[in-house]
Amino acid sequence: MVVERFSITKVFGYFNNPDNCLFVELITSLEDICENTSIKPEARLKASGFMEGLCKYETILTAQIYLRIFNKTTPLSKYLQGYGINLVSTHQMVTQTLNDLKKIDRDFPSIKQAADNFLTWANSKLETVENTSIQIHYSIRSFRPTKTKHTQH
């Protein structure tokens, strides 16, 4: 879990706080790879897929959900990995963490607000980058189920 928390905070920052994250640098680097014809087509295709996935609103919403969870669980995780833990303190911290998680479990508006703040920050930063056409959109794409034709026999 430590690796995942470290990775997501490097890319997306902290919950509702993208300062010092590497998101813009990552997607602009992926864009450079996509446009560099001296790189193998397979690598360019993979870079394009990564970039497209990172720029989806759903990905940013999901990242904010995980960042919020990590915000509540990291202190407990660090304490449990330490030396000389106290059972009474451990029980209190576990109980507090569970209560904190229960309080935020249905709080989607703050997750959406954090994602929107992240997008505002990222798009503003992208505007300062030369030779980029990347802009992240503030909506979830709607998916329509495809209708299949039924044939009579």
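The table below gives the values:
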| read-out | value |
| --- | --- |
| Cα lying deepest toward the dipole's positive end in the chain, options 17, 53, 89, charges on Cβ | 89 |
| Acute angle (nearest 10 degrees) that the helix 2-12 long axis makes with the longest principal axis of the chain, alpha-carbon atoms | 50 |
| Residues with amide H under 5 Å from that of residue 14, placed H, sequence gap 5 or more | 19 |
| Förster-model FRET efficiency, 22 Å R0, residue 56 and residue 17, C-beta, rounded to 0.05 | 0.60 |
| On Cα atoms only, tilt of 87-104 relative to the major axis of the chain in degrees | 40 |
| Computed label-point distance, nm, for sites residue 110 and residue 78 using a 7 Å Cα→Cβ extension | 2.0 |
| The chain: angle of helix 41-54 to the longest principal axis, Cα-based, in degrees nearest 10 | 50 |
| Probe 1.4 Å, accessible area per residue of the chain, Å² | 73 |
| Hull-based mean projected area of segment 1-71, where the convex hull spans the alpha carbons, in square nanometres | 5.0 |
| Accessible area, probe 1.4 Å, largest first, for residues 25, 31, 52, 130 | 130, 52, 25, 31 |
| For the chain, fraction of C-alpha pairs farther apart than 27 Å, in % | 41 |
| Test item: Cα-centred dipole of the chain, Lys/Arg +1 and Asp/Glu -1 on Cβ, debye | 740 |
| 39, 136, 104, reordered so the largest accessible area comes first (probe 1.4 Å) | 39, 104, 136 |
| Apportionment of accessible area to carbon and sulfur, the chain, percent (1.4 Å) | 56 |
| Net charge, residue 107 excluded, C-beta distance under 15 Å - Lys, Arg +1, Asp, Glu -1 | +3 |
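The values are calculated or read from the model by the stated rules, or taken from the named source; none is laboratory data. The structure presented is a predicted model; accordingly, all values stated were derived computationally and were not measured. Here Cβ is always computed from backbone atoms with ideal geometry, including for glycine, and neighbour counts include all displayed protein chains. Surface accessibility is based on the protein's heavy atoms, side chains included, excluding ligands, DNA and RNA. Shrake-Rupley method; radii C 1.70, N 1.55, O 1.52, S 1.80 Å.
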